[in-house]
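The values are calculated or read from the model by the stated rules, or taken from the named source; none is laboratory data. Please read these numbers as outputs of a predicted model, since none were measured by experiment. Here the Cβ positions follow ideal geometry from the backbone for every residue, glycine too, while neighbour counts run over all protein chains shown. For accessibility, only protein heavy atoms count, side chains too; no ligands or nucleic acids. Shrake-Rupley method; radii C 1.70, N 1.55, O 1.52, S 1.80 Å.
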Amino acid sequence: GTGPRAVLRDGVFLPFWSSCVCVAVSWLYLAKLSSVGSISEEETCEKLKGLIQRQVQMCKRNLEVMDSVRRGAQLAIEECQFQFRSRRWNCSTLDALPVFGKVVTQGTREAAFVYAISSAGVAFAVTRACSSGELDKLGNVLKEKFDGATEVEQSEIGSTKVLVPKNSQFKPHTDEDLVYLDSSPDFCDHDLKNGVLGTSGRQCNKTSKAIDGCELMCCGRGFHTDEVEVVERCSCKFHWCCFVKCKQCHRVVEMHTCR
Ligand SMILES: *[C@@H]1O[C@H](CO)[C@@H](O)[C@H](O)[C@H]1NC(C)=O
Ligand SMILES: *[C@@H]1O[C@H](CO)[C@@H](O)[C@H](O)[C@H]1NC(C)=O
């Protein structure tokens, strides 16, 4: 491929091409630089690994917002992991670039989601316009768009390039929809080259028929069952005044993990 080509169009997000995904995803790398303290000097910008030259310049010119950009990147990753916690692709990050692996720099719907949520996370943190509860709401909306995303292909009308649904029976997408050009892998198997961790070792739900169920999550490979003891607070009593005293209860539950 020619690099990232995922497109998300929404009131807030402008249409974008290749380099934008790289840029958004590279800002996400800031979230992983826990050893770097506050970004308050131009020198720090030079030392941030993983930023392209253009970003180093942006960093230097916008020092006062860089800590917010980093916080936004963290929020975006947390939100993405929350939304995808019971999916095969669970938004886990790598300790290398690109942060979400190669699969998220291609034109997949995962790439479109990551782009959208990282733009939102950074915008929220920098403008402080919204609380993180609102990022959750946007996360839910984007997740719905992800599930309803349309596969598109490029077509030319006269000399203008446009994106049209690959399946002509689908109605044309609107500016509110999430669209993608490349179909995703199944995320079943470990494929480090593309940054795919695979689902071996993932927890699954034995009775669910959905993607969190062992059948789909484990891609038919089967699963292990372990009994694990969980400790919970129980028989809590309120004492005047003012504290709550609980007992500790031990309970054995079955836990299933993919082979
Ligand atoms: C995502 O799945 C991988 C295995 O595929 C696991 O190692 C990782 O802990 C999971 N991450 C999250 C955030 O659940
Ligand atoms: C497993 O899936 C079933 C059926 O969808 C659901 O009722 C149950 O709450 C799930 N269990 C867990 C631990 O999520």
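Couple of notes before you dig in:
- Listed residue (GLY133, CYS241, VAL253) projecting farthest to the positive dipole end of the stretch 113-259, Cβ model: CYS241
- When a 1.4 Å probe is rolled over the protein heavy atoms, the share of accessible surface on the stretch 4-198 that falls to carbon and sulfur comes to 50 percent.
- Estimated 222 nm signal from helices in the chain, with DSSP H stretches of n ≥ 4 weighted -39500 (n - 2.57), rounded to 500: -10500 deg cm²/dmol
- Using a probe of 1.4 Å on the protein chains alone, the accessible area found for LYS47 is around 150 Å².
- Total charge dipole magnitude, the stretch 4-198, about the Cα centre, Cβ charges on Lys, Arg, Asp, Glu only, Debye to nearest 20: 160 debye
- Magnitude of the charge dipole, the stretch 214-258, Cβ model with Lys/Arg +1 and Asp/Glu -1, debye to 20: 420 debye
- Portion, in percent, of the accessible area of the stretch 214-258 that falls on carbon or sulfur, probe 1.4 Å: 54 percent
- Taking amide hydrogens as placed 1.01 Å from N in the peptide plane, the amide H of VAL196 sits under 5 Å from those of ASP191, each at least 5 positions away in sequence or on another chain.
- Summarising the amide proton neighbourhood of PHE223: residues at separation of 5 or more, or on other chains, whose placed amide H is nearer than 5 Å comprise ARG259.
- Take the stretch 4-198 with all the other protein chains still there, run a 1.4 Å probe, and you get 51 Å² of accessible area per residue.
- Whole-Hz couplings from phi, Karplus 6.51/-1.76/1.60, listed for the stretch 169-182; x for Gly and Pro: 7, 7, 6, x, 6, 10, 5, 8, 8, 9, 10, 8, 9, 10
- Ranked packing of 210-221, 113-124, 153-164, most packed first, by mean Cβ within 10 Å: 113-124, 210-221, 153-164
- Residues GLU144 and ARG221, FRET efficiency given R0 of 45 Å [Cβ-Cβ distance, rounded to 0.05]: 0.95
- ASN205 long-range amide H proximity, modeled H, under 5 Å: GLY213, CYS214
- Working from label points 7 Å from Cα in the Cα-to-Cβ sense, the LYS206 to SER159 distance is 6.6 nm.
- Taking all protein chains into account, the per residue accessible area for the stretch 214-258 stands at 78 Å² (1.4 Å probe).
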